[in-house]
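Here is the structure we will look at.
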């Protein structure tokens, strides 16, 4: 995943750029970067933030860089922003993207005369560099951005910083968001709308799907009108989004309360307490508690002073260890208790199994698990939700392969496993329950989750749950 923040101001923009970018630290853990433009031209800094937060790494840069316009990003993958010199002039670019047709695009660009791409340490091409190369195929930046939005299979939202202003473009199906804030003598562009409120900005507008704007000190101009079709990622509300975020006017925190309420209304167990796996499961649990009347409690606490982020480190075995080490038990709230635990989702199942064992070892009598979303049956094609190399990393697909006797599962069969009214769905849940050692397991239903968002269902992407594109 990743997040971004950009500022155009009549005075120096570094304070707003620094803190606005930092407010996106929940969206990535690999790289952070800032690029600015001012009297001295372009300046840029990129740092590894895997073991140190953005503020610590960029505090010195914030004090030394100068400019009235800038873009910043938190990236879970590639180093960015990049500074590019081309026939458009010099510009800086940052993206949030998932590009599924990289090889096809690279071959096309080589055939059209592009000479080379720099490989990152893992051998991959930097996706942001690839987007810049696509933009440079056209005679002007606007046509280039539009071409990139059309050519890329997956998703792309971006900012391009030029000496004249910042171009902002939202993914053509709106899979990821972009909002603009305004205050006296300044505008900002951001992934998360809450990132600008403490900096004195007010809501100005949200970009629509495929909309392209340019922001300068005089205002915001729409260069390409938004399209009608939208497929925004539903997981933004379930998991990715910070509690104070909102997308398409819908509050993340309120949506999670709604999810918890739906889970409670369909449940029949009577635990002693309801709890959420911190942090993203907490609001879902509050909603469940409010609807059911079962007390909400915090039987374990996440230790955040030195481990504030959930994604790091990137080696899976270490991630599981850190996830377990971060959770500190409150034994008086666990011992001899029946617990109902809500997490945002179950992906591989490893961490939740560890958490369940940890609760049993701490004296829990029962551990009932209620994921806030339906079973994940497909790897995401549109966002970097997980960099798993295979859908067989999903616990659902492993269990289905076991039940069907093969890993080669047709979409028709998967549809049966996605249907909460089908016998295959119940078989899958029971196998997952046994494998992860839960007392009981019940997922949120897709229809309930979508109603919890409250915008038309045809505007929400549900691919990872039902395979619908």
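Test of understanding: among 68, 48, which residue is in the same structural domain as residue 188 (by TED's automatic domain parsing) and at pLDDT below 95? When all the criteria are applied, what remains is 48. Residue count for segment 417-447 under the criterion of being in contact with a helix residue (DSSP H, G or I) (Cβ under 8 Å, 6 or more places away or on another chain) and under 30 Å from residue 210 (Cβ atoms): the result is 2. Every listed requirement among (1) at pLDDT 95 or above; (2) part of a loop (DSSP other than H, G, I, E, B) is met by residue 408 save one, (1). With respect to the conditions (1) touching a residue at least 60 places away in the same chain (Cβ under 8 Å); (2) within 20 Å of residue 353 (Cβ to Cβ); (3) crowded, with 20+ Cβ neighbours inside 10 Å, residue 440 falls short on a single one, namely (3). The set of residues in segment 51-65 being modelled with pLDDT under 95 and in a loop (DSSP other than H, G, I, E, B) consists of 51, 52, 53. Answer yes if at least one residue in segment 69-79 is touching a residue at least 60 places away in the same chain (Cβ under 8 Å), assigned to a loop (DSSP other than H, G, I, E, B) and either farther than 16 Å from residue 152 by Cα or touching a strand residue (DSSP E or B) at 6+ places or on another chain (Cβ under 9 Å) (or both), and no otherwise. Yes: segment 69-79 contains one or more residues that are touching a residue at least 60 places away in the same chain (Cβ under 8 Å), assigned to a loop (DSSP other than H, G, I, E, B) and either farther than 16 Å from residue 152 by Cα or touching a strand residue (DSSP E or B) at 6+ places or on another chain (Cβ under 9 Å) (or both). Here residue 149 does not qualify as at pLDDT below 95 and assigned by TED's automatic domain parsing to the domain that holds residue 190.
How many of the residues making up segment 228-248 are part of a loop (DSSP other than H, G, I, E, B) and either in contact with a strand residue (DSSP E or B) (Cβ under 6 Å, 6 or more places away or on another chain) or without any contact (Cβ under 8 Å) to a residue 60 or more places away in the chain (or both)? Reasoning before the result, please.
So the first thing to find is which residues in segment 228-248 are part of a loop (DSSP other than H, G, I, E, B), and the list is 228-231, 234, 241-245, 248.
Those still in the list that are either in contact with a strand residue (DSSP E or B) (Cβ under 6 Å, 6 or more places away or on another chain) or without any contact (Cβ under 8 Å) to a residue 60 or more places away in the chain (or both) too: 228-229, 231, 234, 241, 243-245.
Number of matching residues: 8.
Of the set (1) surrounded by fewer than 19 Cβ atoms within 10 Å (Cβ to Cβ); (2) over 20 Å from the mean Cα position of the chain (by Cα); (3) under 27 Å from residue 268 (Cα atoms); (4) at pLDDT 95 or above, all apply to residue 358 but (4). Taking the numbered list (1) closer than 30 Å to residue 190 by Cβ; (2) not in a loop (DSSP other than H, G, I, E, B) in turn, residue 106 passes all entries but (1). When segment 269-306 is filtered for residues that are touching a strand residue (DSSP E or B) at 6+ places or on another chain (Cβ under 9 Å), crowded, with 16+ Cβ neighbours inside 10 Å, at pLDDT below 95 and in a loop (DSSP other than H, G, I, E, B), the ones remaining, listed by number, are 277, 278, 281, 299. Does at least one position in segment 18-31 carry a residue that is in the same structural domain as residue 213 (by TED's automatic domain parsing), in a loop (DSSP other than H, G, I, E, B), free of Cβ contacts under 8 Å to residues at least 24 places away in the same chain and under 29 Å from residue 241 (Cβ atoms)? Checked segment 18-31: no residue is in the same structural domain as residue 213 (by TED's automatic domain parsing), in a loop (DSSP other than H, G, I, E, B), free of Cβ contacts under 8 Å to residues at least 24 places away in the same chain and under 29 Å from residue 241 (Cβ atoms).
The values are calculated or read from the model by the stated rules, or taken from the named source; none is laboratory data. All figures in this text were calculated on a predicted structure; none of them were measured in a lab. Quick reminder, even Gly has a Cβ in these numbers, built from the backbone with ideal geometry, and neighbours come from all protein chains shown.
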